[in-house]
Amino acid sequence: MATVLRRIRLSRGLRALLAALGLSAFLLGSPAAASARTIDVWIAAVPVTWDVVPNGRNAIEGGTYTPEQTRFRTVVYKAYTPEWRRPLKNLAHVAGDNDGIPGPLIRADVGDAIRVHFKNLDTEFRRPHSMHFHGVRYAFGSDGSFIPGFSGRGANVRPGQSFTYRLFATEESAGVWPYHDHGPAMHDSIEGGMYGAISIRARDEERPDRENVVVFAALHGFETVNGKAFVGNTPLFRAKFGDLVQWDVVAIGDEFHTFHVHGHRWVNADGTPEDVRTVGPAESFRVRWREDQPGTWLYHCHVESHMASGMVGLYRVTR
């Protein structure tokens, strides 16, 4: 692409636009662009039966649920091998790997180009779907948001069709960001769990030993972490003494949540310590600490009614 673009005489306006988007170096083939990686990710929208409370219990406050109360059919994002030949194996000990809710965590570094190859395999509801990404740069064609009369194929990927979103991780992309369906069926899709996260590592930033993805969202009448409700169903996060632990926290839906981990605090960029932070719809943040507190700790949303409705889990630290 860069070779072709170098042969095209670009107008001043186009050059200015590329610069404003942070894409000029990437598209015009500068030395910096030549050293950047291109990451290819293959994702599909697939129908599944999802169980919000697989063990049927609220382990802390008591109460039981039947499968009829906790199971439903929905469509989720799943990661695949190239050309969508087969789904990637889900690592059961890694929350948010390829479970379905949330969708697979997309990892990249500042300076990387990211190509997300998306295919709509929704044979259940036969809805059009898309992927819309926060935090990264892209041209309008990769926005993924349906605007009648303006948006292109990437915003309205019909069953059986595919589209490739072309993204770029700029310096301002460092952090964690959500992605979600923004097609014509956006509201039904998000209520059903079509969302995930992108984690962008800053230049020269240490890679964490543990990266925990926490997506707070209401789902099927429950308040959930990664699509599950109540201790024993929500993710059991683990770490060892001395680990650098990173928490990627995202909120999806209509509610505000407050992230809290017992026995721990983190330090903000301005140097102030904190142990609870509010996160609203489509907002996201990440926090890090060097683990020094062995024990089995609660993590949860500190909105009490949300915690009582399932938004709580365990974090186990060993020596």
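Is there any pair with a first residue in segment 193-208 that is on the phi > 0 side of the Ramachandran plot and a second that is assigned to a strand (DSSP E or B) whose Cβ atoms are under 7 Å apart and which are 6 or more apart or on different chains, and what are they?
Between residues of segment 193-208 that are on the phi > 0 side of the Ramachandran plot and residues that are assigned to a strand (DSSP E or B), the close pairs are 193/50; 193/74; 193/76; 193/219.
Working carefully through the options 221, 280, 263, 271, find the one that is in the same structural domain as residue 101 (by TED's automatic domain parsing), within 22 Å of residue 198 (Cβ to Cβ) and small (Gly, Ala, Ser).
280
From the list 137, 158, 127, 153, which residue is in the same structural domain as residue 77 (by TED's automatic domain parsing) and within 17 Å of the chain's Cα centre (by Cα)?
That would be 137, the only listed residue that is in the same structural domain as residue 77 (by TED's automatic domain parsing) and within 17 Å of the chain's Cα centre (by Cα).
Cβ-Cβ distance below 8 Å, separation of 6 or more or different chains: which pairs start in segment 103-127 with a residue that is of a type in the set (Ser, Thr, Tyr) and end on one that is in a strand (DSSP E or B) and surrounded by fewer than 22 Cβ atoms within 10 Å (Cβ to Cβ)?
123/47
Could you run through segment 288-312 and say how many residues are touching a Lys or Arg at 6+ places or on another chain (Cβ under 8 Å) and surrounded by 20 or more Cβ atoms within 10 Å (Cβ to Cβ)?
Matching residues across segment 288-312 total 1.
For the structure I just gave you, tell me whether residue 163 is part of a loop (DSSP other than H, G, I, E, B) and aromatic (Phe, Trp, Tyr).
The answer is no for residue 163.
Would you confirm, using the coordinates I've provided, whether residue 286 is on the phi < 0 side of the Ramachandran plot and at pLDDT 95 or above?
Yes; evaluated as a whole, the condition is true for this residue.
The conditions are (1) β-branched (Val, Ile, Thr); (2) under 25 Å from residue 234 (Cβ atoms); (3) surrounded by fewer than 17 Cβ atoms within 10 Å (Cβ to Cβ), and residue 123 fails exactly one of them. Which is it?
Residue 123 satisfies every listed condition except (2).
Starting from residues that are closer than 15 Å to residue 255 by Cβ and not aromatic (Phe, Trp, Tyr), keep the ones in segment 194-219 and report whichever is surrounded by the most Cβ atoms within 10 Å (Cβ to Cβ).
Looking at residues that are closer than 15 Å to residue 255 by Cβ and not aromatic (Phe, Trp, Tyr), I get 214.
Suppose we keep only residues that are touching a Gly at 6+ places or on another chain (Cβ under 8 Å) and hydrophobic (A, V, I, L, M, F, W, C) within segment 228-276. Which one would you say is nearest to residue 187 (Cα to Cα)?
Filtering segment 228-276 for residues that are touching a Gly at 6+ places or on another chain (Cβ under 8 Å) and hydrophobic (A, V, I, L, M, F, W, C), the one nearest to residue 187 (Cα to Cα) comes out as 251.
Mind checking which residues of segment 142-165 are of a type in the set (Phe, Trp, Tyr) and closer than 22 Å to residue 47 by Cα?
146, 163, 165
Can you confirm whether residue 212 is in the same structural domain as residue 299 (by TED's automatic domain parsing), in a loop (DSSP other than H, G, I, E, B), of a type outside the set (Val, Ile, Thr) and within 20 Å of residue 257 (Cα to Cα)?
So residue 212 does not fit the description; no.
Out of the residues in segment 223-236 that are on the phi < 0 side of the Ramachandran plot and surrounded by fewer than 23 Cβ atoms within 10 Å (Cβ to Cβ), which is farthest from the chain's Cα centre (by Cα)?
Once the filter is applied, the top-ranked residue is 231.
The values are calculated or read from the model by the stated rules, or taken from the named source; none is laboratory data. Remember, predicted model here, so these are calculated numbers, not experimental data. Reconstructed Cβ throughout: ideal geometry from the backbone, glycine too, with neighbour counts over all protein chains shown.
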